[in-house]
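The values are calculated or read from the model by the stated rules, or taken from the named source; none is laboratory data. Computed from a predicted structure; not experimentally measured. Cβ atoms come from the backbone with ideal geometry, glycine included; neighbour counts cover every protein chain shown.
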Amino acid sequence: MPTPALDLTDIPAGLARRRRRGRVLRTLSLGATLFGLVALAVLLGQVLVEGVPWLSADLLTEYPSRIAERAGLKAALVGTFWLMLVTAAVAVPVGVGAAIYLEEYAAPGPFLRLVTLNIANLAGVPSVIYGVLGLAVFVRVLGFGASFLSGGITLALLVLPVIVIATQEALRAIPRGVRESAYALGATRWQVVRAHLLPLAAPGALTGVILALSRAIGETAPILVVGAATFLAFLPATPLDAFSALPVQIYNWASRPQDEFRGLAAAGILVLLAVLLLMNGLAIWLRDRAERRTS
């Protein structure tokens with residue numbers, strides 16, 4: 001049976017339609033990007049205008065006060081440091097370990113699919129739900145109280161799915177031949193994971209850690225529910241002491257009616273951005289070192 005001839009008459013018209021749709025999509029994407037950048041620039045400009053006059057050494061070394069000229073971020077700054085330390089200490093090993101188990105040890109099947117689906121769903125749960133969980137479990141049941149230990153573990157649970165998913169993707173991106181070559185030489189599964197997979201997956205895992213801690217440092221709802229203090233005039237001495245954090249202090253100042261405290265809130269936002277950039281810069285430096293070692 002002869003092959004029917006191709007009808008080429010509609011190809012130029014179809015190609016033109018696809019090109020028009022492509023131009024429209026490119027224009028919409030560019031507009032959405034520019035809108036986000038302009039909105040970010042406007043917000044950042046407003047924060048700079050209101051906050052720069054309030055930036056001083058006293059802002060970082062003084063405790064909170066009901067008088068705006070004497071108020072500072074000392075307790076909140078130290079509390080944020082300890083909060084992120086607890087969050088990283090809990091979330092990073094647990095998240096990386098869970099990803100290794102799911103990718104390298106767990107047998108394929110319904111259970112693995114169910115766990116993977118639930119981890120993906122947990123990444124979209126509102127943060128206040130984690131705060132309620134932390135209040136019920138860590139503050140009341142385990143008796144940690146309204147401490148930065150409770151707040152740090154609660155934030156660790158909040159960002160755990162991000163670290164697990166990022167580490168899983170990093171492990172999946174490693175060629176199968178790396179595993180097979182190591183097994184062919186007689187290496188055990190743990191030796192393959194420790195000596196080959198973890199170094200190769202480290203850059204991707206660190207990217208997930210950066211994203212996770214960047215989210216955790218700006219969260220207010222979970223630690224407010226757990227019991228973070230909006231006014232704290234001392235530094236915590238033990239993990240079970242009361243704590244404050246930069247987002248909570250900024251929220252407290254922004255909610256006050258006086259204009260001076262709104263300026264202080266803007267200055268607190270600038271300090272929080274500086275801490276976030278410093279933390280991310282350190283993590284990116286570590287990631288680049290890991291990439292150079294594996295290249």
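Yes or no: ALA187 among the small types (Gly, Ala, Ser) and either under 30 Å from LEU77 (Cα atoms) or within 19 Å of the chain's Cα centre (by Cα) (or both)? So ALA187 fails the test. The condition of being over 16 Å from LEU85 (Cα atoms), of a type outside the set (Val, Ile, Thr), without any contact (Cβ under 8 Å) to a residue 60 or more places away in the chain and in a helix (DSSP H, G or I) holds for only one of ALA201, ALA187, that being ALA201.
The condition (being of a type outside the set (Val, Ile, Thr), in the same structural domain as THR154 (by TED's automatic domain parsing) and either touching a strand residue (DSSP E or B) at 6+ places or on another chain (Cβ under 8 Å) or in a helix (DSSP H, G or I) (or both)) is satisfied by just one residue among ALA233, ALA283: ALA283. Screening the stretch 97-112 for residues that are in contact (Cβ under 8 Å) with a residue 40 or more places away in the chain and among the hydrophobic types (A, V, I, L, M, F, W, C) and picking the one that is nearest to ILE153 (Cα to Cα) gives ALA98. Checked against the criteria, ILE119 counts as without any contact (Cβ under 8 Å) to a residue 60 or more places away in the chain, assigned by TED's automatic domain parsing to the domain that holds PRO239 and farther than 23 Å from PRO236 by Cα. The residues listed here are ALA229, ALA267, ALA290, ALA254; of these, the one that is in contact with an Asp or Glu (Cβ under 9 Å, 6 or more places away or on another chain) and not basic (Lys, Arg) is ALA267.
Quick check, is VAL94 out of contact with any helix residue (DSSP H, G or I) (no Cβ under 9 Å at 6 or more places or on another chain), of a type outside the set (D, E, K, R), part of a helix (DSSP H, G or I) and touching a residue at least 40 places away in the same chain (Cβ under 8 Å)? The answer is no for VAL94. Restricting THR230, THR294 to those that are surrounded by 14 or more Cβ atoms within 10 Å (Cβ to Cβ), of a type in the set (Ser, Thr, Tyr) and at pLDDT below 85 reduces the list to THR230. Checking the stated criteria, VAL209 turns out to be assigned to a helix (DSSP H, G or I) and either closer than 30 Å to LEU240 by Cα or assigned by TED's automatic domain parsing to the domain that holds ALA237 (or both). Residues of the stretch 70-110 that are within 30 Å of PRO175 (Cα to Cα), within 15 Å of the chain's Cα centre (by Cα) and crowded, with 20+ Cβ neighbours inside 10 Å: ALA88, ALA91, VAL92, GLY95, VAL96.
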